[in-house]
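Since the structure comes first, as structure tokens, the remarks are kept for the end.
The values are calculated or read from the model by the stated rules, or taken from the named source; none is laboratory data. In this text the structure is predicted, and so the values were computed from the model without any measurement. Cβ atoms come from the backbone with ideal geometry, glycine included; neighbour counts cover every protein chain shown.
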Amino acid sequence: MSAPSGPLGVLAARLPGRADTPAARVVPPTGFTAQLTVFTAAAMSFLAVFAIAMALAAGQLADRWQAALSQSATIRVSAPADQIEAQTAAVLRVLETTPGVGAARRLDDNEMRGLLAPWFGTDLPVEALPLPRLIEVTETGAGFDAEGLRLRLAAEAPGAVLDDHARWRRPLVAAAERLRAVSLVALVLIALVLAAMVTLAAQAALAANGQVIRVLRLVGAEDRFISAAFVRRFTARALAGSLAGTLAGLGAVALMPRAAADVGLLAGLGLSGSAWLWPLVVPAAAAALAYAATRVAAARTLRRTP
């Protein structure tokens with residue numbers, strides 16, 4: 001007896017008794033919907049790994065700048081040539097009795113020459129120029145009272161000016177925090193794009209199998225079974241694509257150069273230590289998004305299918 005043709009033949013080929021899973025009997029195993037789901041999940045997961053790495057690097061950069069600049073200050077002493085040494089000594093005496101000051105030292109001529117070298121070269125005769133004296137101050141964990149120290153310096157050394165790096169610290173830390181926020185927003189957008197593409201792919205697959213769905217209903221299949229079949233298949237596709245994209249992203253991050261890690265943010269984009277565990281959340285998150293998006297798309301499409 002020949003196999004039935006048309007929708008009944010398609011249904012008969014997918015009835016239990018075959019080796020296929022329930023999802024494979026209802027959802028087409030190939031086609032543009034499968035390719036679209038796998039490719040989208042892989043691409044979005046690849047980008048998500050870089051967004052996570054950027055967010056972590058920005059957070060580390062903000063903490064590093066905050067720690068580096070908040071633990072130090074500079075005092076500049078500008079005075080006539082016959083007074084500058086006396087005022088510098090007075091500043092050092094004030095710092096010795098200031099609570100919260102861990103150490104204070106005067107920068108020598110070689111250090112001054114190194115600071116000015118980017119602008120004037122290494123042959124600058126520092127000792128012959130009327131340059132101000134610079135004193136580097138290192139704070140303790142508790143820190144010092146900047147306003148109180150300024151008042152004491154004004155009384156003991158009128159030519160001394162305290163720079164606690166606040167005006168430099170705030171913009172740098174704020175920029176790093178904004179970059180981290182942008183990276184988190186990018187993660188949200190990536191998740192929304194993945195959910196939207198999986199929803200479109202599921203709706204297209206459901207629409208393409210409209211005749212099969214109607215026949216399934218005629219033989220007693222419930223919408224819950226049909227929906228579950230699509231949900232399982234698209235969740236599995238998204239998980240497979242996300243795993244591939246995540247592994248590719250981790251490989252790309254691992255290949256980022258490390259030689260100049262102290263020169264900027266992008267050089268420090270690589271992950272280290274427990275930070276490598278965060279991208280492993282991406283496949284599970286992609287599968288959960290695909291599961292939720294496919295359930296919503298299936299329920300909506302099945303309600304509209306007569």
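Name the single residue that is modelled with the lowest pLDDT among those in region 128-162 being in a helix (DSSP H, G or I) and surrounded by 13 or more Cβ atoms within 10 Å (Cβ to Cβ).
Step one: filter region 128-162 for residues in a helix (DSSP H, G or I), giving 128, 146-156.
Still in the list and also surrounded by 13 or more Cβ atoms within 10 Å (Cβ to Cβ): 146, 149-150, 152-154, 156.
Working: Ala146: 79, Leu149: 85, Arg150: 86, Arg152: 87, Leu153: 86, Ala154: 87, Glu156: 85.
Filtering first and then ranking leaves Ala146.
For Val193, which of the numbered conditions (1) surrounded by fewer than 19 Cβ atoms within 10 Å (Cβ to Cβ); (2) among the β-branched types (Val, Ile, Thr); (3) modelled with pLDDT under 80 fails to hold?
Looking at each condition in turn, Val193 falls short on (3).
Kindly indicate whether Ala62 is in the same structural domain as Leu192 (by TED's automatic domain parsing) and modelled with pLDDT under 75.
When the stated conditions are applied, Ala62 passes them.
Taking Leu194 as the residue in question, decide whether it is under 30 Å from Phe32 (Cβ atoms), without any contact (Cβ under 8 Å) to a residue 60 or more places away in the chain and within 28 Å of the chain's Cα centre (by Cα). Even if it seems obvious, please write down each step before you answer.
Details: under 30 Å from Phe32 (Cβ atoms): yes; without any contact (Cβ under 8 Å) to a residue 60 or more places away in the chain: no; within 28 Å of the chain's Cα centre (by Cα): yes.
Judged against the criteria, Leu194 is not a match.
Could you go through region 106-125 and let me know if any residue there is at pLDDT 85 or above and either touching a Cys at 6+ places or on another chain (Cβ under 9 Å) or farther than 23 Å from Arg64 by Cβ (or both). Give the derivation first.
Step one: list which residues in region 106-125 are at pLDDT 85 or above, which gives 106.
From what's left, either touching a Cys at 6+ places or on another chain (Cβ under 9 Å) or farther than 23 Å from Arg64 by Cβ (or both): 106.
Yes, because at least one residue in region 106-125 is at pLDDT 85 or above and either touching a Cys at 6+ places or on another chain (Cβ under 9 Å) or farther than 23 Å from Arg64 by Cβ (or both).
Does Arg180 meet the test of being within 21 Å of Ser45 (Cβ to Cβ) and crowded, with 22+ Cβ neighbours inside 10 Å? Walk me through it before giving the result.
Values: within 21 Å of Ser45 (Cβ to Cβ): yes; crowded, with 22+ Cβ neighbours inside 10 Å: no.
Taking the combined requirement at face value, the residue does not satisfy it.
So in region 90-117, with the set limited to residues that are among the basic types (Lys, Arg) and not in a helix (DSSP H, G or I), which one is surrounded by the fewest Cβ atoms within 10 Å (Cβ to Cβ)?
Here is the first cut: in region 90-117, the ones among the basic types (Lys, Arg) are 93, 105-106, 113.
Add one more test, that the residue is not in a helix (DSSP H, G or I), and what stays is 105-106.
On the way: Arg105: 13, Arg106: 16.
Among residues in region 90-117 that are among the basic types (Lys, Arg) and not in a helix (DSSP H, G or I), the one surrounded by the fewest Cβ atoms within 10 Å (Cβ to Cβ) is Arg105.
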